[in-house]
1. How many of the residues making up the range 306-318 are aliphatic (A, V, I, L, M) and within 16 Å of ligand 1 (Cβ to nearest atom)?
2. Of the residues A263, A229, only one is more than 18 Å from M165 (Cα to Cα), away from ligand 2 (no atom under 16 Å from the Cβ) and either at pLDDT below 95 or in the same structural domain as M163 (by TED's automatic domain parsing) (or both); which?
3. For the range 285-299, does any single residue satisfy the condition of being within 13 Å of ligand 2 (Cβ to nearest atom), open to solvent by 10 Å² or more (accessible area, probe 1.4 Å) and in a loop (DSSP other than H, G, I, E, B)?
4. Would you say R125 is more than 29 Å from A197 (Cα to Cα) and away from ligand 2 (no atom under 16 Å from the Cβ)?
5. Taking the options S41, S33, name whichever one is within 16 Å of ligand 2 (Cβ to nearest atom) and either within 15 Å of G106 (Cα to Cα) or within 21 Å of the chain's Cα centre (by Cα) (or both).
6. Would you tally the residues in the range 21-42 being part of a strand (DSSP E or B) and farther than 17 Å from R59 by Cβ?
7. Return the pair list, or none, for Cβ contacts closer than 8 Å from residues in the range 22-43 that are open to solvent by less than 40 Å² (accessible area, probe 1.4 Å) to residues that are within 16 Å of ligand 2 (Cβ to nearest atom) and hydroxyl-bearing (S, T, Y), at least 6 apart or on different chains.
8. When both residues are 6+ apart or on different chains and their Cβ atoms are under 9 Å apart, which pairs have a first residue that lies in the range 238-263 and is within 16 Å of W290 (Cα to Cα) and open to solvent by less than 10 Å² (accessible area, probe 1.4 Å), and a second that is within 16 Å of ligand 1 (Cβ to nearest atom) and basic (K, R)?
Amino acid sequence: MKIKSASALQVFDSRGNPTVEAVVELENGVRGSGLVPSGASTGRHEALELRDGDPEKFRGKSVFRAISHVEGEIARAVAGRDVFDQEGLDQALIDLDGTPNKSRLGANAILAVSMAAAQAAAAARGQPLFEGLGGGTLLPLPEIQIFGGGRHADCRIDIQDFMVMALRAPSYAQALEVTFNVYHTAADVMRKRGLLAGVADEGGYWPVFDRNEAVFEALIEAIEKAGYAPGRDVGISLDIAATDLFREGRYVLGLEARSFTPAEFSSLMVSWVETYPIVSIEDPMAEDDWEGWRAVRSAIGGRCQLVGDDHFTTNLARIDRGVIAGTANAVLIKLNQVGTVTETLRAIRRTQKAGWLPVVSARSGETEDAFIAHLAVATEAGQLKVGSFSRSERMAKWNEILRIERTLGGRARYLGAGIFERAGIRLR
Ligand code: PGA
Ligand code: ZN
């Protein structure tokens, strides 16, 4: 089925910032759309998000140039192409851009069209998107934020995400129920302390704490008060986003006015895993601190998931280098870090082939588009990270998995934390 046209519109993300929505229309009139999310704690090796940079217009954040690229060069390049050939389409967009990081046309322009084409292709076949993207049937273990921090909370505390994983729930729907209970109990805990002060960018509670470790204690209290055993029923998962803490060779926890050498900081990560019921840590070390990553993995990689986000930026070459160097055992997957659907699918497959775990992820600036819910099921990634359990840009994804669960009926599979075995991780 041939593509007739591509167009784009400036819309707004969950932080109220401009972003790109593209629509691909086929010759039979079927349409697909794609909305691009946006990060705040971005990695240096990500594909480029093209913004206009005019301080007089949307504080420099408008995306009208990206939109004009979609409606000009990109529209001309995709018109007449077979929408079922996603790889060919994405390669044509990569070639058209001609830069290693999509900086000429903008990864936001390219990705919006790539996602819209995938949606249109599935719609043309009368399939749900997850079938069009690969047809997997494994529902993901949800990784859900309870407290937000770092750049998502005005750097009120250092660590970016304090999350939970329902380790023993037998189904996706039951994992959501466990999370619901912990999320709302955490509000009770904060309210009782007089510290309930709204939510951060991804819907987790605003982190009114004076030590990073105090958050673990509040989280453990919430898990227990909700009726679960920490570490057994519900595990803690962190995103340190350590690149944001790394200044002139040292890791700085500003909240506590403490700073660490890389060796000291990797020891701190290990000691947290030994002290608290932590089952997963994302970006425990800065993006290019390969030595620090190796130290963490050799100490705790057998019993804790170690996820590279800024470290890998969904980039094949970096994933390959990490696999050889042994720096992690999981890869965060974000479409807009790399900029096409095809490259994202390749990154997931490469991760799985290495015996590592892909974690499909949203960004802190999200939209109502639930593409990643389908991506997680289609590729049998086994894990999905979407921020917290509030705000509709987050709930759109959790709810979409419920719909997919319903659509799949008896064909739906769920491993929960059993997915960790694939990477040889044995939780204690
Ligand atoms: P970002 O945060 O979207 O701001 O990069 C999400 C994450 O670090 O996982
Ligand atoms: Zn991250």
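1. Taking the range 306-318 as the starting set, the residues that turn out to be aliphatic (A, V, I, L, M) are 306-307, 316-317.
From what's left, within 16 Å of ligand 1 (Cβ to nearest atom): 306-307.
The qualifying residues number 2.
2. Just one listed residue meets the conditions, A263.
3. Restricting attention to the range 285-299, the residues satisfying the condition of being within 13 Å of ligand 2 (Cβ to nearest atom) are 285-287.
Remaining after also requiring open to solvent by 10 Å² or more (accessible area, probe 1.4 Å): 287.
Now narrow it down to the ones that are in a loop (DSSP other than H, G, I, E, B): 287.
Taking every residue of the range 285-299 in turn, at least one turns out to be within 13 Å of ligand 2 (Cβ to nearest atom), open to solvent by 10 Å² or more (accessible area, probe 1.4 Å) and in a loop (DSSP other than H, G, I, E, B).
4. Details: more than 29 Å from A197 (Cα to Cα): yes; away from ligand 2 (no atom under 16 Å from the Cβ): yes.
The answer is yes for R125.
5. Details: S33 fails: within 16 Å of ligand 2 (Cβ to nearest atom).
Within the list S41, S33, the selection yields S41.
6. First, the residues of the range 21-42 that are part of a strand (DSSP E or B): 21-26, 31-35, 38.
With farther than 17 Å from R59 by Cβ added as a condition, the list becomes 21-26, 31-35.
Number satisfying all stated conditions: 11.
7. The qualifying pairs are S38/S364; G39/S364; A40/S364; S41/T243; S41/S364; G43/T243; G43/T313.
8. Every condition considered, the pairs that remain are A241/R151.
The values are calculated or read from the model by the stated rules, or taken from the named source; none is laboratory data. Because the structure is a prediction, the values reported are computed rather than measured. We place every Cβ from the backbone using ideal geometry, glycine too, and count neighbours over all the protein chains shown. These accessible areas exclude ligands, DNA and RNA; they are computed on the full protein's heavy atoms, side chains included. Shrake-Rupley method; radii C 1.70, N 1.55, O 1.52, S 1.80 Å.
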